[in-house]
Amino acid sequence: MSKVAIDMPPKGGFSFDLCKRNDMLVKNGLKMPSFLKTGTTIVGLIFQDGVILGADTRATEGPIVADKNCEKIHYIAPNIYCCGAGTAADTEAVTDMISSQLTLHRYHTGRESRVVTALSLLKSHLFNYQGHVSAALVLGGVDITGPHLHTIYPHGSTDTLPYATMGSGSLAAMAIFESKYREGLTRDEGVELVAEAIRSGIFNDLGSGSNVDICVLTKGHKEYLRNHETPNPRTYVSEKGYSFSKKTEILLTKITPLVEKIEIIEGGDAMEE
Amino acid sequence: MDPSAGDMNNYNYNGGVVLAADSRTSTGMYVANRASDKITQLTDNILFPHLQAADSQLISDYVRYFLHQHTIQLGQPATVKVAANLVRLLAYNNKNMLQTGLIVGGWDKYEGGKIYGIPLGGTVLEQPFAIGGSGSSYLYGFFDQAWKGGMSQEEAEKLVVKAVSLAIARDGASGGVIRTVTINSEGVTRKFYPGDEHPLWHEELEAHDSLLDKLSTTSPEPMVS
């Protein structure tokens, strides 16, 4: 039987045996532990000078809000950012991994990273894990070939679009984009449209909430607007203050300042030029 | 749920091939991309995906890579048969893991226009015309009576556009615009038919402008009691 020589992962690669075991346990009645998911509304759009990415900041663990102000816009390269929806650990891990691979690639080639490189790396990684890495991403950036915006699904398929939304709030955000998007938006119009789309997700989707994060990428320049809008401030703060219950005794208050410890290794190898 | 494709067809005429596809990718009941391009180019031989989008995108990436190497080694453009064979090897040897059927269509100087269908298990079938996708179920009868050999390029293009518009009319998973690609000795020509230029069928209404375009662009005033 002729085999095609493809650079597939070595035979000892990811073993799906544990997935089968998990399925068997669930069938026998064991409840799967819940994991931290970013319910999420993430969006991206291309405007006249580049790309604008937007995200909400709520991370949920089942019905509970685990983090009211998490960061969903991840750094991939100085000119490429990626919003992540799905399991928070998966989006963090996969974006960090591709980010470090791209740094090495930049040292190797001596050039600025291209968005399609990040896209291919993410796509092939997610496909190899057959959708078990639950990361749905909106990848955007500006490189030498121009502005690019892509969506990547957990199974590894991608779409290239002028405006895109992902996550549980994607329908609410897409409704805003479909009615108000046009080509050649200015920076302020684009930021306002993205903020409106995320707000639509925040207020109409239960899995999204809290604040709006925005990242504007243009040729040679990036602006990360963390908490650009905070439409859900904490309105009631008790005047009585929040005190510990009477049973809690403070035994000792001691502050230990941290001192930096530097070790000098004698006779170590000199750094090569 | 993850993206799956709608509908496409592929037609051999006298002197080349015409490929046509809709543009809808859906995840469950939501349209993930209403203007996708399902016809992927691998040199001058084109393939397009049906069923699971991720699997077909990966297969087309691998095949494009191998075909490029093959073209360099051969010193001339690859034949459609070779492209179809490469797709077949991937589809057959990985049949446990892949869930996609593909159609490879193109033109080369030895055999002219050729179409090869590679369904789920990994067989290769050389066909005068091929259809695939969820909307193709509605087109088997149509092609059985409408297909005839030796059509001209214009007749073939009109036929495929008619076929895709019929499928769009009846299949929920197909929609959007119709993209066609014509491949012959002169090269590759892409055409685009937006929604209002499709032929109309039974009970279909004429398209007209959305009211959104007529309203002013300022947001509505908030209600004040």
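Readers should treat all values here as calculations from the given coordinates under stated rules, not as data from a laboratory. Source: prediction; values computed, not measured. Here Cβ is always computed from backbone atoms with ideal geometry, including for glycine, and neighbour counts include all displayed protein chains.
Just a few scattered comments:
- Per-residue average of Cβ from other chains inside 10 Å of B:32-40: 3
- When chain A is treated as a GNM with alpha-carbon contacts under 10 Å, the residue of A:Ala77, A:Ala93, A:Ala85 showing the greatest mean-square fluctuation is A:Ala93.
- Along chain A, longest interval not containing exposed trypsin sites (Lys or Arg not before Pro), exposed being DSSP loop plus at most 11 other Cβ atoms within 10 Å: A:32-110
- Residue order for B:Ser152, A:Ser238, fewest other beta carbons within 10 angstrom first, comes to A:Ser238, B:Ser152.
- Rounded, prolate or oblate (a/c below 1.5 giving rounded, otherwise prolate when a/b exceeds b/c) for chain A by Cα gyration tensor: rounded
- The angle separating the long axis of helix B:53-74 from the principal Cα axis of greatest extent in chain B is about 40 degrees.
- Basic side chains Lys and Arg get +1 at the Cβ, acidic Asp and Glu get -1 at the Cβ, and with that the dipole of chain A about its Cα centre reaches some 980 debye.
- A run of chain B free of exposed loop cleavage sites, with trypsin sites (Lys or Arg not before Pro) counted only in DSSP states other than H, G, I, E and B and at most 10 other beta carbons within 10 Å, reaches its longest extent at B:1-108.
- Residues whose placed amide H lies under 5 Å from that of B:Tyr13, excluding near-sequence neighbours: B:Val18
- When the helices of the protein assembly as shown are scored as -39500 (n - 2.57) per DSSP H run of n ≥ 4 and the total is divided over every residue, the value at 222 nm lands at -9000 deg cm²/dmol.
- Relative to one another, the C-alpha centroids of the stretch B:64-143 and the stretch A:90-165 are positioned 28 Å apart.
- Here, the protein assembly as shown yields an orientationally averaged convex hull projection of 37.4 nm² when only Cα atoms define the hull.
- Number of partner chain Cβ atoms within 10 Å, mean per residue of A:160-172: 1
- For A:Lys180, the aspartates and glutamates whose Cα comes closer than 17 Å to its Cα, not counting residues fewer than 8 places off in the same chain, are A:Asp188, A:Glu189, A:Glu192, A:Glu196, B:Asp209, B:Asp213, B:Glu221.
- Viscosity 1.567 mPa s, temperature 4 °C, Stokes-Einstein D of the stretch B:61-157 from Kirkwood C-alpha radius, µm²/s: 87 µm²/s
- Sorted ascending by nearby beta carbons within 10 Å, beginning with the fewest, B:Leu90, A:Leu126, B:Leu74 become B:Leu74, B:Leu90, A:Leu126.
- Total lysine pairs in chain B at Cα distances under 17 Å, for residues eight or more apart or on different chains: 8.
- Relative contact order of chain A, defined on C-alpha pairs under 8 angstrom at six or more residues apart (%): 22 percent
- Calculation over all alpha carbon pairs of the stretch A:165-218 in 5 angstrom steps from 0 returns a P(r) of 4, 21, 30, 24, 14, 5, 1 percent.
- Equivalent ellipsoid semi-axes - Cα gyration tensor, the stretch A:53-178, angstrom: 24, 17, 14
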